[in-house]
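Take a look at the structure below.
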Amino acid sequence: MNIVELLRQWFNDSTAINLSTIYAEYGLSYHHYLTEIIRYWNKLQFIVKKTLRSLSKDRNAEKLNLETCIYITYRFFWEEAQFQDIVNEINTNLNVPEKKILFKFYERLSTFKWDIALQNKTLVDKLSIRCAIPSFTINTLLPVLDYSSIKQNIVAMDTRSRKGIIYIRINNLVVPTKSLSELQIEIAKYFSGIGVKTEPDDTFPNMLQASVMDKRRIVKSEYYQNNSITFQDKASFSSILLLDPQPNDLICDLCAAPGIKTSLIAQQSEGKATVIAGDFHHERLQKMINFLTKCRVTNVNISQWDGIHPPLVAESFDRILLDAPCTGSGTFTSNPELKWRQTKNFLDRNVILQEKLLKSASALLKPGGTLVYSTCSLYPEEGEYQIQKIMNEQLEFKKGPSWLPPSYIINNSSIRGTGRFFPAKHNTIGFFVAKIVKRKGNNFENNEVQNI
């Protein structure tokens, strides 16, 4: 199967192809082109349709298919590839008429002009096409971000995939005889020796920064292979710092798979807290079990459950992490296919699920206990608006630490204890996080949780 056939398969059914498996099945080249073409899909479609319109008088133009034209367009504009090289990659058995019309299309691409093509388009349409972002995403963010900020964050997410920063978390559970600081110095020295530049993070302890261009060399290192290091975005790390797990705590990770944050809870509590972690999806839980085993995590009990109705005792947990399922609108760097799933229906489904999970998590929390809620989303519906719904006399929003960036301004103020990370400003995924404490002396009504 060539790259055009893979594109056609994805276009006909966006769930038919898992980008994470393309590398193993087809190699780095196919993975790169499929990922980047999907990233800029609507932008490429727009260029192709405008160019095909200019060829409409040529009868042979009817033989051109969308996926072939999109691939040619990507190679022409993004890589300045020569026509014959592109044709060889697509199909070496093209007949003369087919090759002629493809060459006409290739030549006509050089006449494309953005200022002409975007005449009479609205600001939303222009931003959507030029930055390859769904208009739904723009319209959803406009109440809290201006056009310039939306553009900056989308561009930052796209460029991070090629030349951004990646964050490396150090795990001392694998080699408990070494302190985190000793291990960090050792690992930084090792990478320096193989030409990989790393820097300690200014804000978060036990994290190193590196270039995404060095990711493959990092993955091949002995420290990655033995799970002494793992990749974890700094924004994701923040949710566990806010949770502040302590030895002897009883902690619940309500939507735990694939286990990156769960392993950090274990690490931050020195392996001495009791952690109950679960998820709805069996396959993701199996991967989580394998990951935690490799990371030498021993204080986590894992169960498959529906987080809305978990088989747990009400008001029994000292700390709860709810890293809720969401639209993933802050993760277009690593998940470009998510761009084209962004719809009102998709958002509404996630918001309803988050509401139910928040109610469940709140009921499980002890008086005086801490709940951290997070989503990798830029939408206020999955962050600030969601939190506003549960603000009541039982739940208190504590002032966040100085390193926590403020969340969106809602009704002329930001909500205490909440924060947002932005790709353009913080070199992270788009991320919302909130720290909530249940006040003592109040009985929380338990409608959802079943005692065992």
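The values are calculated or read from the model by the stated rules, or taken from the named source; none is laboratory data. Note that the structure is predicted; figures quoted are calculated from it, not measured. Please note: Cβ atoms are built from the backbone with ideal geometry, for glycine as well, and neighbour counts cover all protein chains shown.
Condition (residue is under 30 Å from Ser402 (Cα atoms), in contact (Cβ under 8 Å) with a residue 12 or more places away in the chain and in a helix (DSSP H, G or I)) applied to the stretch 304-319: is it met by at least one residue? No - not one qualifying residue is present in the stretch 304-319.
Being under 18 Å from Gln267 (Cα atoms) and either touching a helix residue (DSSP H, G or I) at 6+ places or on another chain (Cβ under 7 Å) or in a loop (DSSP other than H, G, I, E, B) (or both) is true for just one of Leu145, Leu208. Which residue is that?
Numbers: Leu145 fails: under 18 Å from Gln267 (Cα atoms).
It is Leu208.
When every residue of the stretch 265-272 is checked against the conditions, none turns out to be touching a helix residue (DSSP H, G or I) at 6+ places or on another chain (Cβ under 7 Å), of a type in the set (Gly, Ala, Ser) and assigned to a loop (DSSP other than H, G, I, E, B). Here the condition is being β-branched (Val, Ile, Thr) and within 25 Å of Ser149 (Cα to Cα); of Ile129, Ile90, Ile72, it holds for Ile129 alone. Of Val275, Val212, Val297, Val219, all but one fail to be out of contact with any Cys (no Cβ under 7 Å at 6 or more places or on another chain) and under 20 Å from Tyr373 (Cα atoms); the exception is Val275. Looking at the stretch 370-427 only, could you name the residues that are of a type in the set (Gly, Ala, Ser) and farther than 18 Å from Leu357 by Cβ? Within the stretch 370-427, Gly400, Ser402, Ser407, Ser413, Ser414, Gly417, Gly419, Ala424 qualify. Once the stretch 338-396 is narrowed to residues that are among the acidic types (Asp, Glu) and out of contact with any strand residue (DSSP E or B) (no Cβ under 6 Å at 6 or more places or on another chain), the residue that is surrounded by the fewest Cβ atoms within 10 Å (Cβ to Cβ) is Glu393. Look at (1) among the polar types (S, T, N, Q); (2) surrounded by fewer than 19 Cβ atoms within 10 Å (Cβ to Cβ); (3) closer than 25 Å to Ile276 by Cβ and you find that Ser402 fails only one, number (3).
Check the stretch 355-362 and report whether any residue there is part of a loop (DSSP other than H, G, I, E, B), of a type outside the set (S, T, N, Q) and in the same structural domain as Leu254 (by TED's automatic domain parsing).
Restricting attention to the stretch 355-362, the residues satisfying the condition of being part of a loop (DSSP other than H, G, I, E, B) are none.
Scanning the stretch 355-362, I find no residue that is part of a loop (DSSP other than H, G, I, E, B), of a type outside the set (S, T, N, Q) and in the same structural domain as Leu254 (by TED's automatic domain parsing), so the answer is no.
What about Lys189, is it in contact (Cβ under 8 Å) with a residue 12 or more places away in the chain, surrounded by fewer than 19 Cβ atoms within 10 Å (Cβ to Cβ) and of a type in the set (D, E, K, R)? No; evaluated as a whole, the condition is false for this residue.
Counting only helices (runs of 4 or more DSSP H) that sit completely within the stretch 45-130, those holding 2 or more residues that are under 34 Å from the mean Cα position of the chain (by Cα) and at pLDDT 95 or above correspond to 66-79, 114-117, 123-130. Against the conditions (1) surrounded by 17 or more Cβ atoms within 10 Å (Cβ to Cβ); (2) more than 30 Å from Ser413 (Cβ to Cβ); (3) in contact (Cβ under 8 Å) with a residue 60 or more places away in the chain, Asn153 satisfies every one except (2). Being outside the structural domain of Pro401 (by TED's automatic domain parsing), among the small types (Gly, Ala, Ser) and touching a residue at least 24 places away in the same chain (Cβ under 8 Å) holds for only one residue in Ser238, Ser211, Ser269, and it is Ser211. For the stretch 418-437, a residue qualifies if it is touching an Asp or Glu at 6+ places or on another chain (Cβ under 8 Å) and surrounded by 21 or more Cβ atoms within 10 Å (Cβ to Cβ), and the qualifying residues are Thr418, Thr428, Ile429, Phe431, Phe432, Ile436.
Suppose the filter is crowded, with 19+ Cβ neighbours inside 10 Å, under 18 Å from the mean Cα position of the chain (by Cα), farther than 21 Å from Leu241 by Cβ and hydroxyl-bearing (Ser, Thr, Tyr); does Thr333 pass it?
Numbers: crowded, with 19+ Cβ neighbours inside 10 Å: yes; under 18 Å from the mean Cα position of the chain (by Cα): yes; farther than 21 Å from Leu241 by Cβ: yes; hydroxyl-bearing (Ser, Thr, Tyr): yes.
Spelling it out, Thr333 is indeed crowded, with 19+ Cβ neighbours inside 10 Å, under 18 Å from the mean Cα position of the chain (by Cα), farther than 21 Å from Leu241 by Cβ and hydroxyl-bearing (Ser, Thr, Tyr).
Residues that are assigned to a loop (DSSP other than H, G, I, E, B) and aromatic (Phe, Trp, Tyr) do not occur anywhere in the stretch 17-33.
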